[in-house]
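Remarks on the structure that follows.
Throughout, read-outs are computed from the coordinates displayed, never taken from laboratory work. Because the structure is a prediction, the values reported are computed rather than measured. Positions of Cβ are backbone-derived with ideal geometry, glycine not excepted, and every protein chain shown enters the neighbour counts.
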Amino acid sequence: MSHMVYVIVFLTALLGIAVLFSGRILLQNRAVRHLVRSMKMRFRSIEERGGTLVEEQRAEKPRRNPRTSAIELQKVRSLLRSAEKEIALQHHGEAEHLLIQALTINPDAIDTQAELAKLYLTTSREAKAEALYRELTTKRADVSFFSNLGLAYYLQAKYVDACFAYQEALNLDPQTPERSAALGRACIAARRFKEAAPLLEKAIQRLARDTELLHLLAECYVQLQDNTKAEEIYRRINKIEPYNEGVKQKISALTQKQ
């Protein structure tokens, strides 16, 4: 009898421990569910207010303030206008200072670079003009950039380089006769007479009374030993300049050679 009592007491105690343990697990699970539910509610509340979850990423360089950029642009334009006024007054030193100041604010300002390059070209600083125009041609395919680069080369007796630059200008603007004329002159200076002749022929189709070009073309044919063509061109010059004795002598000399 006493043995049965001990068994009942033991089973009752074991059941109590099991109930207590189960209750603790249930409470823990409920706490976890409550925590998860709380986090979901908190995140949903953020989304409803327009927030987003921020992913970790590398810090990027902050963008320039649009207001600051506008102020800088206005300052550059003001300096450029002032420089143009100084150039008109032949104050080249002051103009150069203003343009360099503008480029200090915005080094990529193409218009400012072009104005400074033109200033160098027109004040016999061809090497500086060349450097700027070479940079400009990498930024924009502008006829004037290639044409002025060709002139900068030509004035430094870099005639082959001038040919390449003038060719690029002609490619961009094939209808303008001055492009063909400039390339023709450079080819003659580089002693590329065979290339020069058709270029000058093309140019004088539109510039028929340009005696300078006609003289160049006549000399080009002389160098190519085409006396017939040379005489023909000199006769065209003679019609425009009938009192030019030098032209008459050349016609006479060429006639005797034939």
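Could you figure out which of (1) crowded, with 18+ Cβ neighbours inside 10 Å; (2) among the acidic types (Asp, Glu); (3) in contact (Cβ under 8 Å) with a residue 24 or more places away in the chain isn't true of Glu178?
(1)
How many residues are surrounded by fewer than 16 Cβ atoms within 10 Å (Cβ to Cβ) and more than 17 Å from Glu232 (Cα to Cα) if we restrict to segment 186-207?
Looking only at segment 186-207, we keep the residues that are surrounded by fewer than 16 Cβ atoms within 10 Å (Cβ to Cβ), and these are 191, 194, 198, 205-206.
So of that shortlist, the ones also more than 17 Å from Glu232 (Cα to Cα) come out as 191, 194, 206.
Residues flagged as surrounded by fewer than 16 Cβ atoms within 10 Å (Cβ to Cβ) and more than 17 Å from Glu232 (Cα to Cα) within segment 186-207 amount to 3.
Whether any residue in segment 137-144 is in contact (Cβ under 8 Å) with a residue 24 or more places away in the chain and either within 24 Å of Cys220 (Cα to Cα) or of a type in the set (Val, Ile, Thr) (or both) is what I want to check.
Within segment 137-144, one or more residues are in contact (Cβ under 8 Å) with a residue 24 or more places away in the chain and either within 24 Å of Cys220 (Cα to Cα) or of a type in the set (Val, Ile, Thr) (or both).
Can you find, within segment 98-152, the residue that is surrounded by the fewest Cβ atoms within 10 Å (Cβ to Cβ) among those that are outside any helix (DSSP H, G or I) and polar (S, T, N, Q)? Spell out how you get there, then give the answer.
Our first condition is that a residue be outside any helix (DSSP H, G or I); within segment 98-152, this holds for 106-109, 123-125, 140-142.
Restricting the remaining residues to those that are polar (S, T, N, Q) gives 106, 123-124.
On the way: Asn106: 18, Thr123: 16, Ser124: 8.
Only one residue fits best here, namely Ser124.
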